[in-house]
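For reference, the structure is listed below as structure tokens.
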Amino acid sequence: MTRKKRKYNSGANPSLLTCLQPKGTNQRIYVNSIHKSDIIFCSGPAGSGKTAISVGLACQYLINKQVDKIVVARPAVESGRGLGHLPGTYGAKIQPYLIPVLEEMAKYLDAETLRIFRHSNIIELCPLEYMRGRNFHGSFMILDEAQNATFEQIKMFLTRIGRNSKAVVNGDLAQTDLPRDMRGGLNTCMTKLEGLEGVSICRLEGTDIVRNDIIVKILNRLND
């Protein structure tokens, strides 16, 4: 595919483009899997780098013109409830779900560039529920917090991938806000697709957590 040369400044901080360094073997496997595979699943506890790595690499792919667009989807679910109960416009409804992703993007793109990219849909952030019927070519796709997506929703997301695109699906199998009878979609997809050519399955652990060290102790105690 021939890519048109963009006329805007990348808005990237050169010192940040090289700051995405894997911390440990599992994160290195995750980074390498994103480079080599079309579809990547990653599970792991909070703070292990699932979102940080996928969003950071997506920004690098965009800056380096390896893709034309970043698409980030998150299930709009909170304690089993969807967007409908929230007040305000569509943009206001989804904003709380997008803050973690936007914070990661701000590490790689300056504020004005991020605003321009979002306004022009070069970076598109949307609830998973609004993706049906669409196709994304030349895109770096991310399904974040996939533990809150059903099996059917993850399958729908994967079938949105177009030509010259890459899809990352990540989530924490130990944390979900879905009703009990709707859970298990992420684990089922990872199990069924493991070993398929073009698909990588990555698993991060407590030792990969890069936030406060006490998180590991908290998770160990709460999951005991």
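The values are calculated or read from the model by the stated rules, or taken from the named source; none is laboratory data. Keep in mind the model is a prediction, meaning the values are calculated, not measured. Methodologically, a virtual Cβ is constructed for each residue, glycine included, from the backbone with ideal geometry; neighbour enumeration extends over all protein chains shown. The protein model used for the area step is the full one, side chains on, heavy atoms only, and it has no ligands, DNA or RNA in it. Shrake-Rupley method; radii C 1.70, N 1.55, O 1.52, S 1.80 Å.
Summary table below
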quantity	calculated
Residue within segment 22-38 that is small (Gly, Ala, Ser) and modelled with pLDDT under 70 present	no
Scan of segment 132-184 for residues that are more than 26 Å from Asn64 (Cα to Cα) and among the aliphatic types (A, V, I, L, M), ordered by number	Ala146, Ala149, Ile154, Met156, Leu173, Ala174, Leu178, Met182
Pair list, Cβ under 7 Å, 6 or more apart: segment 147-169 residue at pLDDT below 95, other residue hydroxyl-bearing (Ser, Thr, Tyr) and open to solvent by 20 Å² or more (accessible area, probe 1.4 Å)	Gln147/Thr176; Asn148/Thr176; Phe151/Thr188
The one condition in (1) under 18 Å from Ala46 (Cα atoms); (2) free of Cβ contacts under 8 Å to residues at least 24 places away in the same chain that Thr191 fails to fulfil	(1)
